[in-house]
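The values are calculated or read from the model by the stated rules, or taken from the named source; none is laboratory data. All values derive from a computational prediction rather than experimental measurement. No Cβ is skipped: glycine too gets one built from the backbone with ideal geometry, and neighbour counts run over all protein chains shown.
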Amino acid sequence: MTKLIWKWAIYGKMVIKMAKIIVVGGGAAGMLAAGRAASRGHEVHLYEKNNRLGKKILITGKGRCNITNDSDVEGLLENIPCNPYFMYSAFYHLDSFQMQEMLKDLGLEIKVERGRRVFPVSDKAIDVVFALERYMIQNKVKQHLDTPVSEVLVADGKAVGVKLKKGTIVDADGVIVCTGGLSYPGTGSTGDGYTFAKAVGHKVTKLYPSLVPLKASEEWCSALMGLSLRNIEIKVKNPKGKVVFSEFGEMLFTHYGVSGPVILSASRHILYDLPAEHKLLIDLKPAMDEKKLDTRLLRDFEKYANKDFINALGDLLPQKLIPVMVYLCDIPADKKVNSITKEERKRLLTLMKALPLTITGTAGYNEAVVTAGGICVDEIDPSTMESKFVKNLHFAGEVLDVDAYTGGFNLQIAFSTGYTAGEQILSDL
């Protein structure tokens, strides 16, 4: 290793020692880590394997980018099902409100939508990436694109640099790993950080695709592909019949099963038990109990008494769903409504309140929003994101065993942990 050259700078009212920092990964966590470390006067080099930064950000929120959630720290923590305690310090270093102000200062106009979800006013994820790039440019971060890292170098219990895939050794005084998880591997998230962590002695917990569409065994799902249902309520029962998740909101049918916000959230609650079959029950009319819905059915049946059954459901159900419901309730499509029995009406009512699907698996990492599992957080200092095994080696973002529900919470985890790592690395010099 070449001898490292230290610098000195004024930071606030303190004269502190400055150093060379390497950030591996140019996603949300990496850009925040690099910008924050550089703002403290460090010489920061960011290495990204792709030919552009923020590739995964560009596809979040269907290309709109759900930046964060407009919630206080407690609200953020309530939406983290895995290791929320680990995030206390990071959220107090950078919470959602501070993140929003930072983006505004960087010239990004933002808006808050239903569920307190925060988006750019332009509805373009690229504008978020541009803002984060400005943050790094303002702080003179040196970017190295198309430059994958193959190894984090450690000597005498300290991170001392990285080895690039092409074989070059790059010395540094500290390294921050922000390489993401396994979700959307096409964006470059291929688990590199887990390899780096294991190589220096860290435990990586079992990994799962999370916030992911679910597969169903029922063939009729493909007939409903593209159908979006709003204002529905779902319940998910495990193989023992226990309700493990319920939520009101929106969902979408796919050619292999179901997706949409409530389904993605549901996936987080069953991923440990899959591929054991789970039962998904969809309440198409949650605003009405069975008695009220039956009254409504009777009114509609009276209105369409002389019509065929299949032509009498348009006031209650989307047209695309009607043939499937007719098939499932086993009432002849051409049966006159005035001939439908009380028992048949009861079957229709039951289906409308609990349309069943059998969940058999997930769509996998290619469609997962985030990876559940990662570097064991018991081995990471939550106030600094520094490894407890290797000094001056920090981890941030999805590579850690922390994940949240949909709504901007996962990006806020990335921003907060990246910012904390950038602020705290070599802070004891």
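Determine, yes or no, whether LYS163 is closer than 18 Å to ASN50 by Cα, surrounded by fewer than 19 Cβ atoms within 10 Å (Cβ to Cβ) and more than 28 Å from the chain's Cα centre (by Cα).
Judged against the criteria, LYS163 is a match.
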(message) With the structure loaded, tell me whether LEU321 is among the aliphatic types (A, V, I, L, M), at pLDDT 95 or above and out of contact with any helix residue (DSSP H, G or I) (no Cβ under 6 Å at 6 or more places or on another chain) or whether it fails that test.
(response) yes
(message) Restricting to segment 361-389, give me the number of residues that are assigned to a loop (DSSP other than H, G, I, E, B), among the aliphatic types (A, V, I, L, M) and crowded, with 22+ Cβ neighbours inside 10 Å.
(response) 3
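So that you can scan it fast, the table gives a plain yes or no per residue for (1) closer than 22 Å to GLY27 by Cα; (2) modelled with pLDDT of 95 or more; (3) acidic (Asp, Glu); (4) not assigned by TED's automatic domain parsing to the domain that holds GLY30:
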site	(1), (2), (3), (4)
MET325	no, yes, no, yes
PRO332	no, yes, no, yes
GLU344	no, yes, yes, yes
LYS353	no, yes, no, yes
THR358	no, yes, no, yes
PHE389	no, yes, no, no
ASN392	yes, yes, no, no
ASN410	yes, yes, no, no
PHE415	yes, yes, no, no
(message) So, in segment 264-312, exactly how many residues are closer than 21 Å to GLY249 by Cα, surrounded by 16 or more Cβ atoms within 10 Å (Cβ to Cβ) and acidic (Asp, Glu)?
(response) 1
(message) Looking at GLU113, GLU101, can you tell me which residue is acidic (Asp, Glu), assigned by TED's automatic domain parsing to the domain that holds GLY418 and under 19 Å from the mean Cα position of the chain (by Cα)?
(response) GLU113
(message) Tell me yes or no: at least one residue of segment 129-145 is within 19 Å of GLY107 (Cα to Cα), surrounded by 15 or more Cβ atoms within 10 Å (Cβ to Cβ) and hydroxyl-bearing (Ser, Thr, Tyr).
(response) yes
(request) State all residues of segment 313-325 that are under 34 Å from the mean Cα position of the chain (by Cα) and free of Cβ contacts under 8 Å to residues at least 12 places away in the same chain; if no residue qualifies, say none. (result) GLN319
(message) With the requirement that a residue be buried (at least 18 other Cβ atoms within 10 Å of the Cβ) and of a type in the set (Lys, Arg), what does segment 197-250 give you?
(response) LYS215, LYS237
(request) Output the number of residues of segment 31-48 satisfying the condition of being farther than 16 Å from THR179 by Cβ and in contact with a Gly (Cβ under 6 Å, 6 or more places away or on another chain). (result) 2
(message) When the residues of segment 326-340 are narrowed to those that are touching a strand residue (DSSP E or B) at 6+ places or on another chain (Cβ under 8 Å) and free of Cβ contacts under 8 Å to residues at least 40 places away in the same chain, which ends up surrounded by the fewest Cβ atoms within 10 Å (Cβ to Cβ)?
(response) ASP334
(request) Would you mind telling me which numbered condition in (1) free of Cβ contacts under 8 Å to residues at least 12 places away in the same chain; (2) in a loop (DSSP other than H, G, I, E, B) ASN50 fails? (result) (1)
